[in-house]
1. Every residue in the range 48-71 that is surrounded by 14 or more Cβ atoms within 10 Å (Cβ to Cβ) and free of Cβ contacts under 8 Å to residues at least 24 places away in the same chain, please.
2. Of all residues being part of a helix (DSSP H, G or I) and more than 13 Å from the chain's Cα centre (by Cα) in the range 76-85, which is modelled with the lowest pLDDT? Just the residue, please.
Amino acid sequence: MSPIQLISVKSDLSKSPLETFVACAHQMLDPATPEAVRRAMEPRLLAQLPALRALGIFELFELRDPAMRSWLGDELVQLTAGGRQ
């Protein structure tokens, strides 16, 4: 599936937060993905974090890509801090 198709096939792709997260992460990490498509994937990927955190996914699995792990770790900290206010 091309990156352009991935963005346009929302109903087929968004069956679960985990499926959406994995598909977006794969696209973002693929060196062949155009920068515009990566930027379009960011909000979709970030939108899955609350559900994945609630499911305990990040306690069970660790992202292998160091840059993505750091970025999403920072986002999860902000998400957690935002919930305490």
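1. Passing the criteria: F58, W71.
2. Here the answer is R84.
The values are calculated or read from the model by the stated rules, or taken from the named source; none is laboratory data. Not measured: the values here are computed from a predicted model. No Cβ is skipped: glycine too gets one built from the backbone with ideal geometry, and neighbour counts run over all protein chains shown.
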